[in-house]
Amino acid sequence: MNTGLEKAKGRIKEITGKLTGHERLEAEGRTDQMKAKIRHTMTSVRHRAEGIRDSLKHDRS
């Protein structure tokens, strides 16, 4: 699933939980948002590492 969609889903859960007084749903929403943020960060780090690896390969050629 797209991290943007995951984050939005988490935000909706959090807001719904706040509006209904359902603390567990609110907490799940915050957790979903954090997981999406971590997944996005890890993907970004992986892409940067791949870019560095590729540039090092080209420098050795």
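Derivation of every value follows stated rules applied to the coordinates shown; laboratory data play no part. Keep in mind that what you see is a predicted model, and the values were worked out from it rather than measured. No Cβ is skipped: glycine too gets one built from the backbone with ideal geometry, and neighbour counts run over all protein chains shown.
Provide the gained length on full extension for the span ALA49 to MET34, in nm with one decimal, where the gain is 0.36 nm per separating residue minus the Cα-Cα distance. Intermediate results must be reported in sequence, preceding the final value.
Working: separation 15, 0.36 × 15 = 5.40 nm, distance 2.24 nm.
Extra length available between ALA49 and MET34 comes to 3.2 nm.
Work through the residues other than LEU56 whose Cβ is under 15 Å from its Cβ and net out their charges, Lys, Arg +1 and Asp, Glu -1. Present the calculation step by step, with values, prior to reporting the outcome.
On the way: positive: ARG48, ARG53, LYS57, ARG60; negative: GLU50, ASP54, ASP59.
That sum, taken over residues with Cβ under 15 Å, equals +1.
Hydrodynamic radius of the chain by the Kirkwood approach over all distinct alpha-carbon pairs: 13.2 Å. What net charge do the residues around LYS37 carry, taking every other residue with its C-beta under 11 Å from that of LYS37, with Lys and Arg at +1 and Asp and Glu at -1? The answer is +2. Listed by chain and number, the lysines whose alpha-carbon sits under 30 Å from that of LYS13, ignoring those within fewer than 8 places in the same chain, are LYS35, LYS37.
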